[in-house]
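A short write-up of the structure that comes next.
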Amino acid sequence: MELVTIILSGILIASATYLILSKSVLRIIIGISILSHGVHLMILTMGQLKRGNVPVLDDSVSTYTDPLPQALILTAIVISFALTSFSLILLLRNYKELGTDNTEDMKGVPHGD
Amino acid sequence: MATNILPMLPIILPFFAGVIMLFMGKRPIPHRIVSAITSALMVGISAYSIYYVYKNGAMVTFISNWSAPFGISVVYDMVAALLVLTTSIILFFTVVYSFQSIGYEREKYYYYPMVMFMITGIIGAFTTGDIFNMFVFFEVFLLASYVLITLGNRKIQLQEGFKYFVVNVVSSNFFLIGLAYLYSITGSLNMADIQIKLSNYDGNLAVMTLVAVVFIFVFATKAGLFPLYFWMPGSYNAPPIPIIALFGALLTKVGIYAIARTFSLFFQHDVGYTHQVLLLLALLTIIVGCIGALAYTDMKMVIIYNIMIAVGVIVVGFAMMDEVGSIGAMYYLIHDMIIKGALFLLVGFIIYRTGKNNSEDIGGLINSHPVVGWTFFIAALSLAGVPPLPGFYGKLFIVESAFLNDHVIAAIIVLLSSLIVLFSIMKLFINVFFREPREGLELRDIKSDKLLFSAVGLVVVSIVFGLSADFLYPVFEMAAESFFDPSSYSNYLMEVE
């Protein structure tokens, strides 16, 4: 089970890399959110995927599931949500002010500034 | 167990100040008052904290009284105390500087709250004892810095802000990957706990080298180390001067702090590899920074490349991981935060007064601004490391440590870099203040009393810092201890158990 999720997160990160290397700003933003999904999946796997155990450590419990990775992912998801919404606004402003969403045209200092 | 609130105050104060300002609405004058009062209060509190930590040792607060390895703890040791005081001083002067320079529109659109949120994140990253919490605080100050770099909607800001955003988001995701590896190896997130677990573990720790490389990638991107500095000159050139001063003085230094903290606590099993990589990158950073500083005549660019040189010098000191090197690096880190802030503020005054960025378009300013001229001269000497100004002591210890550890080439590169720093900054000084004025140079009529107050104030702080080096030595010795002797950092866990 761990192997499958690791491969899945690898595929996600690979496709995110492809998207981030493209020239369109919107694709880069989609790439960033896919990258964060891949990373979150990897954190989940690092806590070991055990099913059917309680996430509470008690004297009477011998096997338990580690709840910490879920807590970490929750925090990371909230952060990546904020980043994605900010980046979409930034894309909109960029498109209105610079008149392009191609990163090739975003080199150097624009004239008249 | 009573919770000690003192370590939390420098995080809580700017956060609540920011929230209060958000509720005030778009009213710049109350924003100015609140942010100036908050930053002055923070200077007072953090100065008292240094005294307290010096007398009583590191302060530790367990959030919600969850005991140490399980909950989040705030560890306010001497390193954090010194960095928080420096951050507060720079914040105070930059806020006062902003009154007359940032512009009414930016003030109206929540400039001060964003600065306060950024400071919350920076101070949180300095003081937290939990590695995941450090990631969260990194995101807090990065998110605020994305807003600050694009605030004002100038074309260059939007364009460079987007690059800055993408680079930092990708490196933050790698931070998470590194954390996931670290968690799967150690099963803990508390930095002191990880240090104890790793030092008691006698199995094969080869995989920790992988974590070290991921962490180098992450923090080198934030700090602007050699192959990953590419975003820095462009992005730091875009926003207005007070924002550049905050970025240049504080943001890169958080990356350096994180490198020093993680590499002293976690990566002690294969020092021959990880710290050599760090040293090599630091030296390459110095060389690239020197090339950039020599190549430009644009005042902002010269100082931005000087940031890179300083980053390299500090990381050389931390890569030695001995007592002398750590003291030197710690001292140079504090010195560089102050002097980079001062230089940006001084250069900002010249830019606002003349309307030119390029030092070759200006000349003869010494006639109209003798005080600024000589302050700039002192700041330049301090940057290059002329005794008794503070740059000298830091470099002295770093070079001494490099010689002690048989890294003669590293020592020579650090020494030569001082000459190039001096040359590049003197080139600015002579161009701006001493040549014949260029034709068509008109001085703008601006209100500048607060600009000069902040710029000269920071230079005075730097001079005092240099003159009191002998008096401050025990403080820095105490700070450096947690780097060359990591078990002293994790002592507080022993006391809990």
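The values are calculated or read from the model by the stated rules, or taken from the named source; none is laboratory data. The model shown is predicted, which means the values in this text are computed figures rather than measured ones. Positions of Cβ are generated from backbone atoms using ideal geometry, with glycine treated the same way; all protein chains shown enter the neighbour counts.
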Among the residues that make up the stretch B:139-147, is at least one of them without any contact (Cβ under 8 Å) to a residue 60 or more places away in the chain and more than 30 Å from B:Y110 (Cβ to Cβ)?
no
Take B:G121 and decide whether it is crowded, with 24+ Cβ neighbours inside 10 Å, small (G, A, S), at the interface with chain A (Cβ under 9 Å from one of its Cβ atoms) and in a helix (DSSP H, G or I).
no
Against the condition over 30 Å from B:P233 (Cα atoms), in contact with a Phe, Trp or Tyr (Cβ under 8 Å, 6 or more places away or on another chain) and at the interface with another protein chain (Cβ under 9 Å from one of its Cβ atoms), how does A:M106 come out, does it pass?
no
Cβ-Cβ under 6 Å pairs, at least 6 apart or on other chains, the stretch A:76-100 side within 10 Å of chain B (Cβ to nearest Cβ) and more than 17 Å from B:R154 (Cα to Cα), far side charged (D, E, K, R) and in a helix (DSSP H, G or I)
A:I79/B:E139
Just to be sure, is B:F135 among the aromatic types (F, W, Y), buried (at least 21 other Cβ atoms within 10 Å of the Cβ), facing chain A (nearest Cβ under 9 Å) and assigned to a helix (DSSP H, G or I)?
yes
List every residue pair whose Cβ atoms lie under 7 Å apart, where the two residues are 6 or more positions apart in sequence or sit on different chains, the first residue falls within the stretch B:341-365 and is closer than 11 Å to B:L452 by Cα, and the second residue, located anywhere, is surrounded by fewer than 20 Cβ atoms within 10 Å (Cβ to Cβ).
B:F349/B:S448; B:F349/B:L452
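Among helices (runs of 4 or more DSSP H) lying entirely in the stretch B:358-414, which contain 3 or more residues that are out of contact with any helix residue (DSSP H, G or I) (no Cβ under 7 Å at 6 or more places or on another chain)?
By residue number, B:370-384.
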Counting only residues that are more than 14 Å from chain A (Cβ to nearest Cβ) and among the charged types (D, E, K, R), give me the helices (runs of 4 or more DSSP H) lying completely in the stretch B:164-255 with at least 1 of them.
B:191-200, B:206-223
Testing B:S39 on (1) of a type in the set (G, A, S); (2) in a helix (DSSP H, G or I); (3) within 23 Å of B:S488 (Cα to Cα), one condition comes back false. Which one is that?
(3)
Just name the residue that is surrounded by the most Cβ atoms within 10 Å (Cβ to Cβ) out of those in the stretch A:12-48 that are touching a residue at least 24 places away in the same chain (Cβ under 8 Å) and more than 24 Å from B:F135 (Cα to Cα).
A:V25
Of all residues in the stretch B:3-47, count the ones that are closer than 30 Å to B:M478 by Cα and either free of Cβ contacts under 8 Å to residues at least 40 places away in the same chain or not aromatic (F, W, Y) (or both).
22
Would you pick out the residues in the stretch B:146-156 that are facing another protein chain (nearest Cβ under 9 Å) and not aliphatic (A, V, I, L, M)?
B:Y146, B:T150, B:N153, B:R154, B:K155
With the condition kept exactly as written, say whether any residue in the stretch B:58-72 is at pLDDT 90 or above, closer than 25 Å to B:E481 by Cα, in contact with a strand residue (DSSP E or B) (Cβ under 9 Å, 6 or more places away or on another chain) and surrounded by 16 or more Cβ atoms within 10 Å (Cβ to Cβ).
no
When B:E105 is evaluated against the numbered criteria (1) in a helix (DSSP H, G or I); (2) within 14 Å of chain A (Cβ to nearest Cβ), which criterion, by number, is the only one it fails?
(2)
Yes or no: the stretch B:22-31 includes at least one residue that is modelled with pLDDT of 90 or more and within 30 Å of A:D66 (Cβ to Cβ).
no
So B:L143 ticks every box in (1) surrounded by fewer than 24 Cβ atoms within 10 Å (Cβ to Cβ); (2) over 24 Å from B:V19 (Cα atoms); (3) at pLDDT 90 or above; (4) within 10 Å of chain A (Cβ to nearest Cβ) but one. Which box is left unticked?
(2)
Residue within the stretch A:44-51 that is within 12 Å of chain B (Cβ to nearest Cβ) and basic (K, R) present:
no
